[in-house]
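Trainee: Before anything else, here's the structure in question.
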Ligand SMILES: NC(=O)c1ccc[n+]([C@@H]2O[C@H](COP(=O)([O-])OP(=O)(O)OC[C@H]3O[C@@H](n4cnc5c(N)ncnc54)[C@H](O)[C@@H]3O)[C@@H](O)[C@H]2O)c1
(Lines give C-alpha, C1' and ligand atoms only; values in the text may rest on other atoms or scores of the structure.)
Protein backbone atom coordinates (compact mmCIF):
# COMPACT_ATOMS: atom_id res chain seq x y z
CA UNK A 1 0.00 0.00 0.00
CA UNK A 2 1.25 3.50 -0.81
CA UNK A 3 2.66 5.45 2.08
CA UNK A 4 0.24 7.81 3.82
CA UNK A 5 1.02 11.47 3.16
CA UNK A 6 0.82 13.69 6.25
CA UNK A 7 -0.43 17.29 5.88
CA UNK A 8 -0.32 20.47 7.91
CA UNK A 9 -2.70 23.27 6.84
CA UNK A 10 -1.45 26.81 7.46
CA UNK A 11 -4.03 29.61 7.50
CA UNK A 12 -7.48 28.68 8.81
CA UNK A 13 -9.55 31.21 6.86
CA UNK A 14 -11.79 30.78 3.81
CA UNK A 15 -9.36 28.62 1.82
CA UNK A 16 -7.68 26.90 4.76
CA UNK A 17 -11.03 25.28 5.55
CA UNK A 18 -11.17 23.96 1.98
CA UNK A 19 -7.64 22.56 2.32
CA UNK A 20 -8.53 20.75 5.56
CA UNK A 21 -11.69 19.38 3.98
CA UNK A 22 -9.88 18.16 0.87
CA UNK A 23 -7.04 16.50 2.76
CA UNK A 24 -9.52 14.73 5.04
CA UNK A 25 -11.48 13.46 2.05
CA UNK A 26 -8.50 11.97 0.21
CA UNK A 27 -7.65 8.36 0.89
CA UNK A 28 -3.97 8.03 1.71
CA UNK A 29 -3.73 11.60 2.97
CA UNK A 30 -3.95 12.52 6.63
CA UNK A 31 -4.44 15.89 8.25
CA UNK A 32 -2.00 16.09 11.16
CA UNK A 33 -2.45 19.66 12.35
CA UNK A 34 -3.55 23.19 11.49
CA UNK A 35 -1.90 26.57 12.06
CA UNK A 36 -3.23 30.10 12.24
CA UNK A 37 -1.62 33.14 13.81
CA UNK A 38 -4.98 33.72 15.50
CA UNK A 39 -5.07 30.89 18.07
CA UNK A 40 -8.89 30.75 18.25
CA UNK A 41 -9.14 30.18 14.49
CA UNK A 42 -6.58 27.38 14.66
CA UNK A 43 -8.41 25.80 17.60
CA UNK A 44 -11.80 25.97 15.92
CA UNK A 45 -10.64 24.19 12.77
CA UNK A 46 -8.48 21.79 14.80
CA UNK A 47 -11.46 20.71 16.90
CA UNK A 48 -13.55 20.16 13.79
CA UNK A 49 -11.00 17.63 12.49
CA UNK A 50 -9.76 16.23 15.81
CA UNK A 51 -6.16 17.37 15.25
CA UNK A 52 -3.89 19.74 17.20
CA UNK A 53 -4.07 23.47 16.40
CA UNK A 54 -1.05 25.77 16.58
CA UNK A 55 -0.32 29.46 16.36
CA UNK A 56 3.38 28.90 15.60
CA UNK A 57 4.40 27.20 12.36
CA UNK A 58 7.52 25.61 13.87
CA UNK A 59 5.43 23.68 16.39
CA UNK A 60 3.38 22.11 13.60
CA UNK A 61 6.47 21.37 11.50
CA UNK A 62 7.87 19.41 14.46
CA UNK A 63 4.95 16.95 14.39
CA UNK A 64 6.03 13.47 13.30
CA UNK A 65 4.99 12.35 9.80
CA UNK A 66 4.53 15.75 8.14
CA UNK A 67 5.20 15.50 4.40
CA UNK A 68 3.28 18.44 2.91
CA UNK A 69 2.44 21.93 4.17
CA UNK A 70 -0.45 23.81 2.54
CA UNK A 71 -0.28 27.60 2.59
CA UNK A 72 -3.53 29.57 2.75
CA UNK A 73 -2.29 32.72 4.44
CA UNK A 74 -2.73 36.19 2.86
CA UNK A 75 -0.92 36.21 -0.49
CA UNK A 76 2.00 38.43 0.58
CA UNK A 77 2.81 35.96 3.37
CA UNK A 78 2.96 32.85 1.18
CA UNK A 79 6.72 33.11 0.70
CA UNK A 80 7.76 33.15 4.33
CA UNK A 81 5.62 30.11 5.20
CA UNK A 82 6.68 28.19 2.08
CA UNK A 83 10.38 28.90 2.62
CA UNK A 84 10.19 27.86 6.29
CA UNK A 85 8.43 24.64 5.28
CA UNK A 86 10.97 23.90 2.54
CA UNK A 87 13.87 24.48 4.93
CA UNK A 88 12.25 21.95 7.26
CA UNK A 89 12.23 19.48 4.35
CA UNK A 90 8.47 19.63 3.70
CA UNK A 91 6.77 19.70 0.30
CA UNK A 92 4.63 22.79 -0.26
CA UNK A 93 1.19 23.46 -1.74
CA UNK A 94 0.73 27.22 -1.92
CA UNK A 95 -2.42 29.08 -2.85
CA UNK A 96 -2.58 31.44 -5.77
CA UNK A 97 -0.96 33.84 -6.40
CA UNK A 98 2.36 32.13 -5.66
CA UNK A 99 3.41 35.43 -4.03
CA UNK A 100 2.89 39.12 -4.73
CA UNK A 101 6.20 39.82 -6.46
CA UNK A 102 8.70 37.90 -8.57
CA UNK A 103 11.59 38.21 -6.10
CA UNK A 104 9.66 36.33 -3.44
CA UNK A 105 8.30 33.83 -5.95
CA UNK A 106 11.82 33.11 -7.20
CA UNK A 107 13.08 32.64 -3.66
CA UNK A 108 10.33 30.08 -3.00
CA UNK A 109 11.15 28.20 -6.18
CA UNK A 110 14.88 28.22 -5.43
CA UNK A 111 14.48 27.17 -1.78
CA UNK A 112 12.19 24.29 -2.67
CA UNK A 113 14.66 23.07 -5.29
CA UNK A 114 17.61 23.50 -2.91
CA UNK A 115 15.89 21.39 -0.26
CA UNK A 116 14.66 18.77 -2.71
CA UNK A 117 10.95 19.36 -2.01
CA UNK A 118 8.08 19.80 -4.46
CA UNK A 119 6.32 23.14 -4.87
CA UNK A 120 2.74 23.15 -6.14
CA UNK A 121 0.87 26.39 -6.83
CA UNK A 122 -2.91 26.15 -6.73
CA UNK A 123 -4.54 26.87 -10.07
CA UNK A 124 -7.38 24.46 -9.64
CA UNK A 125 -9.19 25.30 -12.86
CA UNK A 126 -6.41 23.66 -14.86
CA UNK A 127 -7.95 20.46 -13.51
CA UNK A 128 -11.51 21.21 -14.66
CA UNK A 129 -12.66 18.69 -17.28
CA UNK A 130 -13.32 21.63 -19.64
CA UNK A 131 -9.74 22.86 -19.40
CA UNK A 132 -8.30 19.38 -19.84
CA UNK A 133 -10.42 18.85 -22.97
CA UNK A 134 -9.50 22.17 -24.57
CA UNK A 135 -5.82 21.82 -23.69
CA UNK A 136 -5.74 18.36 -25.27
CA UNK A 137 -7.31 19.62 -28.50
CA UNK A 138 -5.12 22.73 -28.68
CA UNK A 139 -1.98 20.66 -28.10
CA UNK A 140 -3.06 18.19 -30.79
CA UNK A 141 -3.47 21.11 -33.21
CA UNK A 142 -7.19 20.50 -33.68
CA UNK A 143 -8.02 24.20 -33.32
CA UNK A 144 -5.23 25.20 -35.69
CA UNK A 145 -2.97 28.16 -34.90
CA UNK A 146 -4.26 30.06 -31.89
CA UNK A 147 -5.07 33.55 -33.10
CA UNK A 148 -7.42 35.20 -30.57
CA UNK A 149 -7.93 34.63 -26.85
CA UNK A 150 -10.20 36.36 -24.35
CA UNK A 151 -10.44 36.07 -20.59
CA UNK A 152 -13.28 37.92 -18.90
CA UNK A 153 -13.94 37.71 -15.17
CA UNK A 154 -16.88 39.96 -14.43
CA UNK A 155 -17.31 39.30 -10.74
CA UNK A 156 -18.64 41.15 -7.74
CA UNK A 157 -17.14 41.58 -4.32
CA UNK A 158 -18.94 43.86 -1.88
CA UNK A 159 -17.35 46.58 0.22
CA UNK A 160 -17.95 44.26 3.20
CA UNK A 161 -15.78 41.60 1.51
CA UNK A 162 -12.86 44.01 1.27
CA UNK A 163 -13.49 45.23 4.83
CA UNK A 164 -13.53 41.63 6.14
CA UNK A 165 -9.74 41.36 6.38
CA UNK A 166 -7.11 44.08 6.85
CA UNK A 167 -5.02 42.46 4.13
CA UNK A 168 -7.71 42.48 1.44
CA UNK A 169 -7.28 45.14 -1.22
CA UNK A 170 -3.72 46.05 -0.15
CA UNK A 171 -0.65 45.99 -2.39
CA UNK A 172 1.53 44.48 0.31
CA UNK A 173 -0.61 41.46 1.18
CA UNK A 174 -3.20 41.01 -1.60
CA UNK A 175 -0.67 42.07 -4.23
CA UNK A 176 -3.40 43.56 -6.40
CA UNK A 177 -7.14 43.46 -6.81
CA UNK A 178 -9.55 42.05 -9.36
CA UNK A 179 -6.67 40.66 -11.42
CA UNK A 180 -4.28 39.37 -8.77
CA UNK A 181 -6.89 37.89 -6.48
CA UNK A 182 -9.88 36.93 -8.62
CA UNK A 183 -9.02 36.90 -12.36
CA UNK A 184 -5.70 35.10 -11.92
CA UNK A 185 -7.38 31.75 -12.54
CA UNK A 186 -8.64 32.77 -15.97
CA UNK A 187 -5.41 34.59 -16.83
CA UNK A 188 -3.55 31.38 -16.07
CA UNK A 189 -5.94 29.40 -18.29
CA UNK A 190 -5.57 31.95 -21.09
CA UNK A 191 -1.79 31.60 -21.17
CA UNK A 192 -2.02 27.82 -20.63
CA UNK A 193 -4.25 27.45 -23.69
CA UNK A 194 -3.00 30.28 -25.95
CA UNK A 195 0.70 29.99 -25.08
CA UNK A 196 3.14 32.42 -23.46
CA UNK A 197 2.46 36.16 -23.41
CA UNK A 198 4.79 38.51 -25.28
CA UNK A 199 3.41 41.91 -24.26
CA UNK A 200 0.53 43.69 -22.54
CA UNK A 201 -1.01 47.17 -22.77
CA UNK A 202 -3.44 47.94 -19.98
CA UNK A 203 -5.70 50.29 -18.06
CA UNK A 204 -6.79 49.70 -14.48
CA UNK A 205 -9.10 51.68 -12.16
CA UNK A 206 -10.34 51.66 -8.60
CA UNK A 207 -13.83 52.53 -9.67
CA UNK A 208 -16.40 51.21 -7.27
CA UNK A 209 -14.93 50.39 -3.85
CA UNK A 210 -13.58 52.47 -0.98
CA UNK A 211 -10.64 51.87 1.32
CA UNK A 212 -8.80 49.64 -1.15
CA UNK A 213 -5.43 50.43 -2.74
CA UNK A 214 -5.86 48.08 -5.68
CA UNK A 215 -7.88 47.86 -8.89
CA UNK A 216 -11.48 46.72 -9.11
CA UNK A 217 -11.66 47.22 -12.90
CA UNK A 218 -8.97 46.23 -15.41
CA UNK A 219 -8.57 45.74 -19.15
CA UNK A 220 -5.51 44.61 -21.06
CA UNK A 221 -4.65 43.93 -24.67
CA UNK A 222 -2.33 40.97 -25.00
CA UNK A 223 0.11 39.78 -27.67
CA UNK A 224 1.09 36.13 -27.48
CA UNK A 225 4.54 34.82 -28.40
CA UNK A 226 3.02 32.56 -31.06
CA UNK A 227 1.47 35.53 -32.88
CA UNK A 228 -2.04 35.55 -31.46
CA UNK A 229 -3.66 38.51 -29.74
CA UNK A 230 -6.17 38.74 -26.94
CA UNK A 231 -7.89 40.66 -24.19
CA UNK A 232 -8.14 40.33 -20.45
CA UNK A 233 -11.05 41.95 -18.60
CA UNK A 234 -11.29 41.61 -14.84
CA UNK A 235 -13.49 43.30 -12.28
CA UNK A 236 -14.98 42.87 -8.82
CA UNK A 237 -17.49 45.64 -9.52
CA UNK A 238 -19.93 43.78 -11.80
CA UNK A 239 -22.97 43.58 -9.56
CA UNK A 240 -24.27 40.99 -8.70
CA UNK A 241 -21.42 38.82 -10.04
CA UNK A 242 -21.68 37.77 -13.66
CA UNK A 243 -19.81 35.22 -15.68
CA UNK A 244 -16.27 33.93 -16.05
CA UNK A 245 -15.29 33.25 -19.64
CA UNK A 246 -12.20 32.03 -21.41
CA UNK A 247 -12.53 31.96 -25.20
CA UNK A 248 -9.85 30.55 -27.46
CA UNK A 249 -10.04 30.91 -31.21
CA UNK A 250 -7.76 29.12 -33.61
CA UNK A 251 -7.59 29.07 -37.40
CA UNK A 252 -9.58 25.80 -37.36
CA UNK A 253 -11.91 26.11 -34.38
CA UNK A 254 -13.20 27.78 -31.26
CA UNK A 255 -13.52 26.75 -27.62
CA UNK A 256 -15.45 28.64 -24.96
CA UNK A 257 -15.21 27.82 -21.26
CA UNK A 258 -17.88 29.64 -19.27
CA UNK A 259 -18.07 29.35 -15.50
CA UNK A 260 -15.68 26.44 -15.65
CA UNK A 261 -17.78 24.47 -18.14
CA UNK A 262 -17.05 23.84 -21.80
CA UNK A 263 -20.03 25.54 -23.43
CA UNK A 264 -18.86 25.76 -27.03
CA UNK A 265 -16.44 23.69 -29.01
CA UNK A 266 -16.35 23.91 -32.78
CA UNK A 267 -13.85 22.31 -35.11
CA UNK A 268 -14.11 23.37 -38.74
CA UNK A 269 -14.52 20.42 -41.09
CA UNK A 270 -12.44 20.52 -44.27
CA UNK A 271 -15.48 21.14 -46.46
CA UNK A 272 -16.51 24.21 -44.41
CA UNK A 273 -13.61 26.08 -45.99
CA UNK A 274 -15.57 26.13 -49.21
CA UNK A 275 -18.86 27.11 -47.51
CA UNK A 276 -20.76 30.42 -47.48
CA UNK A 277 -19.38 33.87 -46.93
CA UNK A 278 -20.57 34.32 -43.35
CA UNK A 279 -20.93 32.23 -40.17
CA UNK A 280 -21.21 28.56 -40.85
CA UNK A 281 -24.79 27.48 -40.09
CA UNK A 282 -25.23 23.99 -38.82
CA UNK A 283 -21.78 23.81 -37.24
CA UNK A 284 -21.90 21.16 -34.54
CA UNK A 285 -21.23 22.20 -30.97
CA UNK A 286 -18.95 19.46 -29.64
CA UNK A 287 -19.14 20.75 -26.06
CA UNK A 288 -20.25 17.82 -23.94
CA UNK A 289 -22.90 19.52 -21.83
CA UNK A 290 -23.31 23.04 -23.11
CA UNK A 291 -24.73 23.90 -19.69
CA UNK A 292 -23.71 26.74 -17.42
CA UNK A 293 -23.82 26.63 -13.63
CA UNK A 294 -25.47 29.21 -11.38
CA UNK A 295 -23.55 32.19 -10.03
CA UNK A 296 -20.89 30.24 -8.07
CA UNK A 297 -17.63 32.00 -7.28
CA UNK A 298 -18.64 35.00 -9.41
CA UNK A 299 -20.59 36.16 -6.39
CA UNK A 300 -19.19 34.14 -3.47
CA UNK A 301 -15.52 33.30 -2.87
CA UNK A 302 -16.42 30.29 -0.71
CA UNK A 303 -18.41 28.76 -3.58
CA UNK A 304 -15.36 27.55 -5.44
CA UNK A 305 -15.47 24.10 -6.93
CA UNK A 306 -14.19 21.54 -4.43
CA UNK A 307 -13.57 18.87 -7.07
CA UNK A 308 -10.92 20.89 -8.84
CA UNK A 309 -9.01 21.56 -5.61
CA UNK A 310 -9.17 17.87 -4.82
CA UNK A 311 -7.84 16.95 -8.26
CA UNK A 312 -4.89 19.29 -7.79
CA UNK A 313 -4.16 17.90 -4.32
CA UNK A 314 -4.25 14.39 -5.81
CA UNK A 315 -1.80 15.46 -8.52
CA UNK A 316 0.58 16.77 -5.85
CA UNK A 317 0.29 13.58 -3.78
CA UNK A 318 1.09 11.54 -6.87
CA UNK A 319 4.02 13.86 -7.67
CA UNK A 320 5.43 13.38 -4.16
CA UNK A 321 5.02 9.61 -4.35
CA UNK A 322 6.49 9.29 -7.84
CA UNK A 323 9.19 11.93 -7.48
CA UNK A 324 7.86 13.87 -10.48
CA UNK A 325 6.90 17.54 -10.81
CA UNK A 326 3.30 18.54 -10.03
CA UNK A 327 1.36 19.86 -13.05
CA UNK A 328 1.47 23.40 -11.67
CA UNK A 329 4.93 23.68 -10.12
CA UNK A 330 6.59 26.90 -9.02
CA UNK A 331 7.63 27.94 -12.53
CA UNK A 332 4.10 27.35 -13.86
CA UNK A 333 2.54 29.20 -10.91
CA UNK A 334 4.86 32.15 -11.55
CA UNK A 335 3.52 32.72 -15.09
CA UNK A 336 0.17 34.40 -14.29
CA UNK A 337 1.89 36.46 -11.58
CA UNK A 338 4.34 37.84 -14.14
CA UNK A 339 1.54 38.65 -16.61
CA UNK A 340 -0.46 40.51 -13.95
CA UNK A 341 2.59 42.46 -12.76
CA UNK A 342 3.25 43.42 -16.39
CA UNK A 343 -0.36 44.64 -16.67
CA UNK A 344 0.08 46.79 -13.54
CA UNK A 345 3.32 48.22 -14.92
CA UNK A 346 1.69 49.04 -18.23
CA UNK A 347 -1.27 50.73 -16.53
CA UNK A 348 1.09 52.78 -14.39
CA UNK A 349 3.45 53.87 -17.16
CA UNK A 350 0.99 54.09 -20.03
CA UNK A 351 3.42 52.01 -22.09
CA UNK A 352 3.24 48.58 -23.65
CA UNK A 353 5.19 46.18 -21.43
CA UNK A 354 7.17 43.29 -22.89
CA UNK A 355 7.79 40.06 -21.01
CA UNK A 356 9.90 38.68 -19.36
CA UNK A 357 9.93 41.42 -16.71
N1 LIG B 1 -7.82 28.90 -5.11
C2 LIG B 1 -8.86 29.65 -4.80
O3 LIG B 1 -9.90 29.58 -5.45
C4 LIG B 1 -8.79 30.58 -3.63
C5 LIG B 1 -9.97 31.02 -3.00
C6 LIG B 1 -9.86 31.87 -1.90
C7 LIG B 1 -8.61 32.29 -1.46
N8 LIG B 1 -7.48 31.87 -2.09
C9 LIG B 1 -6.16 32.34 -1.64
O10 LIG B 1 -5.94 31.86 -0.32
C11 LIG B 1 -5.22 32.83 0.43
C12 LIG B 1 -6.03 33.16 1.69
O13 LIG B 1 -7.27 33.71 1.33
P14 LIG B 1 -8.53 33.58 2.31
O15 LIG B 1 -9.67 34.16 1.58
O16 LIG B 1 -8.61 32.21 2.86
O17 LIG B 1 -8.07 34.60 3.48
P18 LIG B 1 -8.58 34.63 4.98
O19 LIG B 1 -8.27 36.00 5.48
O20 LIG B 1 -9.97 34.12 5.08
O21 LIG B 1 -7.62 33.58 5.70
C22 LIG B 1 -6.25 33.80 5.91
C23 LIG B 1 -5.89 33.22 7.28
O24 LIG B 1 -4.48 33.24 7.45
C25 LIG B 1 -4.20 33.59 8.81
N26 LIG B 1 -2.83 34.09 8.88
C27 LIG B 1 -2.35 35.31 8.55
N28 LIG B 1 -1.01 35.35 8.69
C29 LIG B 1 -0.64 34.11 9.09
C30 LIG B 1 0.62 33.53 9.39
N31 LIG B 1 1.76 34.22 9.25
N32 LIG B 1 0.63 32.24 9.80
C33 LIG B 1 -0.50 31.53 9.92
N34 LIG B 1 -1.73 32.04 9.63
C35 LIG B 1 -1.79 33.31 9.23
C36 LIG B 1 -5.26 34.62 9.14
O37 LIG B 1 -5.44 34.74 10.55
C38 LIG B 1 -6.48 34.03 8.44
O39 LIG B 1 -7.22 33.17 9.28
C40 LIG B 1 -4.98 34.02 -0.49
O41 LIG B 1 -3.70 33.92 -1.04
C42 LIG B 1 -6.03 33.85 -1.58
O43 LIG B 1 -5.62 34.39 -2.82
C44 LIG B 1 -7.55 31.02 -3.15
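Trainee: Provide a single number: the residues in region 45-85 that are touching a helix residue (DSSP H, G or I) at 6+ places or on another chain (Cβ under 7 Å), closer than 22 Å to residue 176 by Cβ and surrounded by fewer than 21 Cβ atoms within 10 Å (Cβ to Cβ).
Mentor: The qualifying residues number 1.
Trainee: Is region 221-229 home to any residue that is in contact with a helix residue (DSSP H, G or I) (Cβ under 7 Å, 6 or more places away or on another chain) and more than 23 Å from residue 129 (Cα to Cα)? Quick ask: steps written out before the conclusion?
Mentor: First, pick out the residues of region 221-229 that are in contact with a helix residue (DSSP H, G or I) (Cβ under 7 Å, 6 or more places away or on another chain): 224, 228.
Cutting the leftovers down to more than 23 Å from residue 129 (Cα to Cα) gives us 224, 228.
Yes, the conditions are met somewhere in region 221-229.
Trainee: For region 71-85, state whether one or more residues are modelled with pLDDT of 95 or more and more than 15 Å from the ligand (Cβ to nearest atom). Working first, answer last.
Mentor: So in region 71-85, the residues modelled with pLDDT of 95 or more come out as 71-85.
Filter once more, so that each one left must be more than 15 Å from the ligand (Cβ to nearest atom): none.
No, every residue in region 71-85 fails to be modelled with pLDDT of 95 or more and more than 15 Å from the ligand (Cβ to nearest atom).
Trainee: In the list 162, 156, which residue meets the criterion of being within 12 Å of the ligand (Cβ to nearest atom) and either more than 20 Å from residue 99 (Cβ to Cβ) or assigned by TED's automatic domain parsing to the domain that holds residue 14 (or both)? Let's see the steps before the verdict.
Mentor: Numbers: 156 fails: within 12 Å of the ligand (Cβ to nearest atom).
Checking each option against the conditions leaves just 162.
Trainee: Still on this structure, I have one more. Restricting the search to region 65-79, which residues are out of contact with any strand residue (DSSP E or B) (no Cβ under 8 Å at 6 or more places or on another chain) and free of Cβ contacts under 8 Å to residues at least 40 places away in the same chain?
Mentor: Matches in region 65-79: 79 only.
The values are calculated or read from the model by the stated rules, or taken from the named source; none is laboratory data. This structure is a prediction, so every number in the text was calculated from the model and none was measured. With ideal geometry, Cβ positions are generated from the backbone for all residues, glycine too; neighbour counts draw on all protein chains shown.
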